[in-house]
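The values are calculated or read from the model by the stated rules, or taken from the named source; none is laboratory data. From a predicted model like this one, the values you see are computed outputs, not experimental measurements. Neighbour counts are summed over all protein chains in view; Cβ atoms, including those assigned to glycine, are modelled from backbone coordinates with ideal geometry. With ligands, DNA and RNA removed, areas are computed over all heavy atoms of the protein, side chains included. Shrake-Rupley method; radii C 1.70, N 1.55, O 1.52, S 1.80 Å.
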Amino acid sequence: MGLSRVRAVFFDLDNTLIDTAGASRKGMLEVIKLLQSKYQYKEEAEIICDKVQVKLSKECFHPSNMCITDLRTSHWEEAIQETKGGAANRKLAEECYFLWKSTRLQHMTLAEDVKAMLTELRKEVRLLLLTNGERQTQREKIEACACQSYFDAIVVGGEQEEEKPAPSIFYYSCDLLGVQPGDCVMVGDTLETDIQGGLNAGLKATVWINRNGTVPLKSSPMPHYIVSSVLELPALLQSIDCRVSVSA
């Protein structure tokens, strides 16, 4: 690590700044209610939603093949057919998908304390949002949580040649802000993308948001710092900068 002070912070979006997992669960609960009340899918409703959750976790998206709306509607269509049997029901699949999606987006918000933290941090350092994921999906989330005004730049993995943990997307982000990798800190909740990516690119520091006190595997990348909430970041950045001045 160099002796320069932190000049820029890169933030992941999902489950770092916004509770994507919680918003998704709320969307699933709405679909369960719909399936149980309107379609009388008493036991099957939860099974269908569990199947969709598994499909989302294993999702491989190639923009050249189909759009994300078609792909995710297909997840619902397959889950309904696997659970209920019979002919495919595209219309019901669309109803489920759009209810899940709209509910999820409604619950994607930046908490007031997170907004305040970003506003204060930006007085001292440059801020960049660095999120992996399909372009349309991530841009919809960014719009839903209205976070654009808190950042100097926003980089979406699905719009680049490579996503985190590839070093190229970090170097691109550095160029956008006019900083060097050794000036930057990466903050995120995923060891394999956020932390590994920051290490690959030679950033000054990586900060892992470990909300649930998860014990990482021995083979996992090792972050420089671990916090349980993104709100601990300002104090941590101060301590990193203090260490620099003491060393200098």
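Tabulated values for the structure
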item	result
Å² of accessible area per residue within the chain, as computed with a 1.4 Å probe and no ligands counted	50
DSSP bridge orientation in the chain - percent antiparallel, rounded to nearest 5	0
Cα-centred dipole magnitude for the chain, charges only on beta-carbon of K, R (+1) and D, E (-1), debye, nearest 20	280
Contact order normalised by residue count of the range 52-206, Cα under 8 Å, 6+ apart, percent	15
Förster radius 22 Å - calculated FRET efficiency between Y172 and Q136, Cβ distance, rounded to 0.05	0.60
Given 16 as the ceiling on other Cβ atoms within 10 Å, longest exposed-site-free region of the chain for GluC sites (Glu not before Pro) in DSSP loops	163-248
Length-normalised contact order of the range 114-203 in % [C-alpha pairs under 8 Å, at least 6 apart]	25
Charge tally in the Cβ shell below 14 Å around A235, where Lys, Arg are +1 and Asp, Glu are -1, A235 excluded	-4
Computed accessible area, M186, all protein chains, 1.4 angstrom probe, square angstrom	0
Tilt relative to the chain, helix 68-84 - C-alpha long axis, 0 to 90 degrees, to 10	50
Sparse-neighbourhood loop sites, trypsin sites (Lys or Arg not before Pro) in the range 29-103 - DSSP loop, at most 10 other Cβ within 10 angstrom	K42, K58
Extension gain from S239 to S220, taking 0.36 nm per residue of separation minus the Cα-Cα distance	4.3 nm
Kirkwood Rh and Cα Rg combined as Rg over Rh, evaluated for the chain	1.03
Two-site label geometry, D50 and T119: point separation in nm, points 7 Å out along Cα→Cβ	4.4
Percent carbon-and-sulfur accessible area, the chain, ignoring ligands, DNA and RNA, probe 1.4 Å	51
Residue among L35, L105, L203 with the largest mean-square fluctuation in a Gaussian network model of the chain, springs linking Cα atoms under 10 Å	L35
